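One structure is given here, and the rest of the page talks about it.
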Ligand SMILES: *Cc1c(COP(=O)(O)O)cnc(C)c1O
């Protein structure tokens, strides 16, 4: 049956139906369009208060936020950072921007997040202390930080990771770019580690077109992040720079969008949850379709609703199903190719990877835009039932 006459159902598109126009117009009318302006400060303080951290520093992207966050917690060239292998590539690249190296960690089989048991095994079995430094036996390099990625809107099981971090004196940088609004044991992601990063790219939970944010409770980290993201200027009149900084500050126009989007966040999260509930209800009986699990200790933001397609039971494999859905104008996407399979990272250390490859093979993200209506939800479910 051909349903190509239906309007396409996109994977995830921004919805701008609040005060975006009004706030951007205010920027244009007042001339405050660049990286200084009231909306930047307002966006920072409102996001910090939403997440529950004392400080926030707005950046041009989530990737820039990660780059600076890793630098301010002390990651240096030739250090190593533990990071999820199953992720969009940005956090892994950010490690390399500093000349440091990723150690790629597997996902857990239930929630698909960085596996705390493997992190524990790696730190206890593969690392040892030498002259006050934690050294990776295999590479001889210093292990300097942990970078868990809260994938797809679901939090990482953070308590065991935070415990290990404390024991091994490692700062934790949360990549919360996909998971604004998600909760771990009743605390919002972004306030669990030492410092965290958000993204406001076009397909994230809220968008500023492009943008990011660093949040932390630690004033010295926030101050340093602010300094480095604004060209490390020590004297604004004489232009004295004592360090190499970056031009990473978000503009007022983008922050204006951010403030307007943040006003709609609760609505967006409710819509994502309605979509997840709908898919859960209607796909639970389909043989070979594994639904995403929400941990008892978690509240997911369901940023991208993702299922696993087990070819043997479902009858069609993931990539074939993806092609069919796309011809029916249902935009779906596989999970990211894990970092250990990406050319720049093939020679990086990947520790006991067993699960991430299967998730990559079987994972399929379904349309999850916050303006997805019931007709579209029905359409997606029907397309999956038809095969
Ligand atoms: C989107 C994303 C980023 C990067 O954010 P940008 O704003 O696009 O730079 C980083 N990490 C993960 C896991 C992401 O999904």
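Using a Gaussian network model of the chain with C-alpha springs under 10 Å, which one of 214, 146, 353 is most mobile by mean-square fluctuation? Evaluated over the chain, the most mobile residue of the options is 353.
Put simply, the convex hull of the Cα atoms in the stretch 1-62 casts, on average, a shadow of 7.4 nm². Percent of C-alpha pairs per 10 Å bin in the stretch 81-193, short distances first: 15, 49, 31, 6, 0.
Normalising by residue count, the stretch 1-111 has a Cα convex hull of 214 Å³ per residue. By other beta-carbon atoms within 10 Å, ranking 251, 139, 59, 110 with the fewest at the front produces 110, 139, 251, 59. Computed over the Cα atoms of the stretch 287-387, the ratio of the radius of gyration to the Kirkwood radius (Rg/Rh) comes to 1.01. Springs join every pair of Cα atoms under 10 Å in this Gaussian network model of the chain, and among 15, 40, 83 the largest mean-square fluctuation is at 15. The slack in the chain from residue 110 to residue 28, taken as 0.36 nm per residue of separation less the alpha-carbon distance, amounts to 24.7 nm.
Sort 174, 26 so that the residue with the fewest other Cβ atoms within 10 Å of its own Cβ comes first and the one with the most comes last.
Details: 174 30, 26 17.
Exposure proxy ranking, most exposed first: 26, 174.
For the stretch 308-349, the extents of the C-alpha atoms along the principal axes are 38, 24, 12 Å, listed from largest to smallest.
If you rank 274, 186 by fewest surrounding Cβ atoms within 10 Å, what's the result?
Working: 274 15, 186 8.
Ranked by crowding around the Cβ, least crowded first: 186, 274.
Annotation: for a label point projected 7 angstrom from Cα along Cα→Cβ of residue 45, residues of the stretch 257-286 with backbone N closer than 19 Å are 257-264. Start at zero, step by 5 Å, and the Cα-Cα distances of the stretch 71-140 spread as 4, 16, 23, 22, 22, 9, 3, 0 percent across the bins. Placing dummy labels 7 Å off each Cα toward the beta-carbon, the span from residue 323 to residue 16 is 3.7 nm.
What would the Debye equation give as log₁₀ I(q)/I(0) for the stretch 131-228 at q = 0.18, 0.19 Å⁻¹, counting only Cα atoms as equal point scatterers? The Cα Debye sum returns log10 ratios of -0.90, -0.96. Hydrodynamic radius of the stretch 197-261 by the Kirkwood approach over all distinct alpha-carbon pairs: 13.0 Å. Using the Cβ-Cβ distance between residue 237 and residue 76 with R0 set to 45 Å, the FRET efficiency from 1/(1 + (r/R0)^6) comes to roughly 0.90.
Considering only 152, 98, 257, the Gaussian network model of the chain with Cα springs below 10 Å gives its largest mean-square fluctuation to 98.
For the stretch 148-195, what percent of Cα pairs sit more than 18 Å apart?
On the way: 225 of 1128 pairs.
Result: 20 percent of Cα pairs exceed 18 Å.
At the listed q of 0.19, 0.23 Å⁻¹, the Debye profile of the stretch 103-159, built from one uniform point per Cα, gives log10 I(q)/I(0) equal to -0.70, -0.91. Taking label positions 7 Å along the Cα-Cβ direction at both residue 89 and residue 354, the computed distance is 2.9 nm, reported to one decimal. Each residue, residue 280 and residue 266, gets one label point 7 Å from its Cα in the Cβ direction; the gap between the two is 2.1 nm.
Express in nm, to one decimal, how much length is gained between residue 378 and residue 346 on full extension, taking 0.36 nm for each residue of separation and deducting their alpha carbon distance. Walk me through the numbers on the way to the answer.
On the way: separation 32, 0.36 × 32 = 11.52 nm, distance 4.08 nm.
Result: 7.4 nm gained on full extension.
With the alpha-carbon atoms of the chain aligned to their principal axes, the span from lowest to highest coordinate is 69, 60, 37 Å, starting with the largest. Expressed as a fraction of 2.2 N^0.38 Å, the C-alpha radius of gyration for the stretch 224-356 is 1.58.
Equivalent-ellipsoid semi-axes (√(5λ), Cα gyration tensor) for the stretch 215-299, whole Å, largest first? Show your work: numbers first, answer last.
Working: eigenvalues 398, 54, 28 Å².
So the equivalent ellipsoid measures 45, 16, 12 Å along its semi-axes.
We did not get these values from a lab; they are worked out from the coordinates using the rules stated. For clarity, every value in this text was computed on a predicted model and none was experimentally measured. Note that each Cβ is placed from the backbone with ideal geometry, even for glycine, and that neighbours are counted across all protein chains shown.
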